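What follows is one structure encoded as structure tokens, with my remarks underneath.
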Amino acid sequence: MNFKIPLSKPDISELEAKAVGEVLKTSRLSLGPNVVEFEKRLAQLAQVSYAVATNSGTAALHLIIRALNIAPGDEVITTPFSFISSSNCFVYEKAKPVFVDIDEKTFNIDTTKIEKAITPKTKVILAVDVFGLPADWENLERIAKKHSLFLIEDSAEAIGAEYKGRKCGSFGNAAIFSFYPNKQITTGEGGVILTNDKKIADYCRSSVNQGRKLEGEEWLWHERLGYNYRLNEMSSALGIAQLKRFSEIMEKRDRTAQFYLDFLKDEPALELPDPLHSWFVFVVKLERKLGGEKRDQIISYMAEKGIQCRPYFYPIHLQPFYRNEFGFNEGDFPVCEDIAGRTIALPFFGDLQREEIEFVSKNLKEAVRL
Ligand SMILES: *Cc1c(COP(=O)(O)O)cnc(C)c1O
């Protein structure tokens, strides 16, 4: 289906086109100066010591799991309300997902329920800054410390966000961003590992590059089981250009969000998000009686008008693989399931025009009345 107003669109200007074009004129398409500079700028943005670029956010999460030696049978406490890779990353290593239900206001993991889920096999708490809203890092840090657990921040959706004066991407033992095209900034495909721990950084730097030694040595000599998770030079140059425009991009996204908040503020059937530092998506929550099938009808109504909306997210524990592999069922995480049944992501990007936002809002108000 071709939508008049798509769900998302990357914010690409001439600066990006030129930067990528410049790389193509050189013969250095991988392992060149652009990835080095991109990493340096990302470490500055998140205020951490080390950044290792990867070719996806998923790859970045996987390497952190490997760096922490998570092994088969280990348990990882995480949220069921997220994009699938925040769980897949440790299931790759045969660790077991232990989901903890979410807070119905913030949609983030409910830290008051974490300690009950800890067992002798628990190794890690992996929390997600869902939709750009930071998780409850103060309590997450306290609980991780008290129980000697590793802590990972999946900040794929919160580039540039802050929590109590600290930057998202700086919490826990290590964190990630993603640069998939629907994220705040993009490299086409890409991600980054962010950490203050030199051991984790060194492991990741070698492992993105086939397990090679960090310097010296033969090109075809591999000291550990590595991967090809490298970010190429074109993507890195694109990322640098996006970071140069970072405040402009974020201001445009904020402007879009403010229009929505204004156009939709009087609609009693909707609960709107609180203002954010870093808007990833614009997700509205329908009143309970509009959940489930009604929600899907609202999305179809919008689609007929050429407006792309989406349920955001389906609970991870109810995804086919997770049900089959781990035996999760409906009712396991009732808050998550309730929220997942009545949230809708509206078209959201910086170049969305005022009239388009008004058009989406008007149609949404009609849809909830039907
Ligand atoms: C986008 C995203 C990722 C990583 O996605 P990639 O497409 O692999 O870059 C991980 N976690 C969350 C919560 C995400 O939204």
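Computed on the Cα atoms alone, the convex hull of the chain gives a volume of 145 cubic angstrom per residue.
Kindly state, as a whole number, the per residue volume in cubic angstrom of the convex hull around the alpha carbon atoms of the stretch 309-370.
Cα-based convex hull of the stretch 309-370, divided per residue, equals 108 Å³.
Dividing the convex hull volume of the alpha carbon atoms of the stretch 177-273 by its residue count, what do you get in Å³ per residue?
In the stretch 177-273, the Cα convex hull volume per residue is 150 Å³.
Cα centroid separation, the stretch 49-67 to the stretch 304-359: 26 Å. When each of the peptides 203-210, 347-354 is scored by the mean number of other C-beta atoms lying within 10 Å of its residues, the order from highest to lowest reads 203-210, 347-354. Placing +1 on the Cβ of every Lys and Arg and -1 on the Cβ of every Asp and Glu, with nothing else charged, gives the chain a dipole about its Cα centre of roughly 400 debye.
Output the direction-averaged projected area (hull surface divided by four) of the convex hull of the alpha-carbon atoms of the stretch 1-114, in nm².
Values: hull surface 47.2 nm².
That works out to 11.8 nm², a quarter of the Cα hull's surface.
Taking amide H positions as modeled 1.01 Å from N, with prolines and chain starts lacking one, the residues under 5 Å from Thr122 and 5 or more places away or on another chain are Glu75.
In this structure Leu7 has an accessible area near 20 Å², from a 1.4 Å probe over the protein heavy atoms. Could you list the GluC sites (Glu not before Pro) in the stretch 317-370 that lie in coil according to DSSP, counting only those with at most 13 other Cβ atoms within 10 Å of their Cβ? Taking the stretch 317-370 and a limit of 13 other Cβ atoms within 10 Å, the loop GluC sites (Glu not before Pro) found are Glu330.
What percent does the relative contact order of the stretch 182-314 come to when contacts are Cα pairs within less than 8 Å and at least six residues apart? Normalised by residue count, the contact order of the stretch 182-314 is 19 percent. Dimensions of the stretch 157-214 from C-alpha coordinates, computed as largest minus smallest value along each principal axis and given longest first, are 36, 28, 11 Å.
Residues Trp221, Trp279 ordered from highest to lowest accessible area at a 1.4 Å probe: Trp221, Trp279. Once backbone amide H atoms are built at 1.01 Å from N, Ile102 has Asp110, Val335, Cys336 as its partners under 5 Å, excluding neighbours fewer than 5 places away on the same chain.
Model label points for Arg354 and Gln258, set 7 angstrom from Cα along the Cα-to-Cβ axis, are 1.1 nm apart. Pairs of alpha-carbon atoms within less than 8 angstrom and 6+ residues apart define the contacts here; what relative contact order does the chain have, in percent? That works out to 22 percent.
Taking 16 Å as the straight-line reach from the Cα of Lys18, the aspartates and glutamates in range (excluding those fewer than 8 positions away in the same chain) are Glu233. Computed from phi, the 3J(HN,Hα) profile of the stretch 289-297 under the Karplus parametrisation 6.51, -1.76, 1.60 (θ = phi - 60°) reads 5, 9, x, x, 4, 4, 4, 5, 5 Hz, with x in place of Gly and Pro. Cross-link partners of Lys289 among lysines, defined as those whose alpha carbon lies under 30 angstrom from its own and excluding same-chain residues fewer than eight positions apart: Lys4, Lys105, Lys113, Lys265, Lys305, Lys362, Lys365.
Let a ≥ b ≥ c be the square roots of the eigenvalues of the Cα gyration tensor of the stretch 218-288; is it rounded (a/c under 1.5), or, if not, prolate (a/b larger than b/c) or oblate?
Note, shape of the stretch 218-288 comes out oblate.
His317 sits with roughly 0 Å² accessible to a 1.4 Å probe, with DNA, RNA and ligands left out of the calculation. Couplings 3J(HN,Hα) of the stretch 188-193, computed from phi: x, 10, x, x, 7, 9 Hz, in residue order, whole Hz [Karplus 6.51 cos²θ - 1.76 cosθ + 1.60, θ = phi - 60°; x for Gly and Pro].
Among Lys116, Lys198, what's the order by accessible area (1.4 angstrom probe), most exposed first?
Sorted descending by solvent-accessible area, the residues read Lys116, Lys198.
In the elastic network of the chain, a GNM with C-alpha springs shorter than 10 Å, the most mobile of Ala71, Ala237, Ala46 is Ala71.
Taking Ser86, Ser148 and ordering them by how much accessible surface each has at a 1.4 Å probe, largest first, produces Ser148, Ser86.
Bridges between two residues of the chain, per DSSP, are antiparallel at a rate of about 55%. Farthest toward the dipole's positive end in the chain, which of Gly211, Gly350, Ala174, given Cβ charges of +1 (Lys, Arg) and -1 (Asp, Glu) about the Cα centre? The Cα lying farthest towards the positive end belongs to Gly211. The string of couplings for the stretch 357-370 from the Karplus curve (6.51, -1.76, 1.60, θ = phi - 60°) is 5, 5, 4, 4, 5, 4, 5, 5, 5, 5, 4, 6, 8, 5 Hz, one whole number per residue in order, with x for Gly and Pro. Convex hull of alpha carbon positions in the stretch 221-370: directionally averaged projected area 13.4 nm².
The values are calculated or read from the model by the stated rules, or taken from the named source; none is laboratory data. All values reported here derive from a predicted model rather than from experimental measurement. No Cβ is skipped: glycine too gets one built from the backbone with ideal geometry, and neighbour counts run over all protein chains shown. These accessible areas exclude ligands, DNA and RNA; they are computed on the full protein's heavy atoms, side chains included. Shrake-Rupley method; radii C 1.70, N 1.55, O 1.52, S 1.80 Å.
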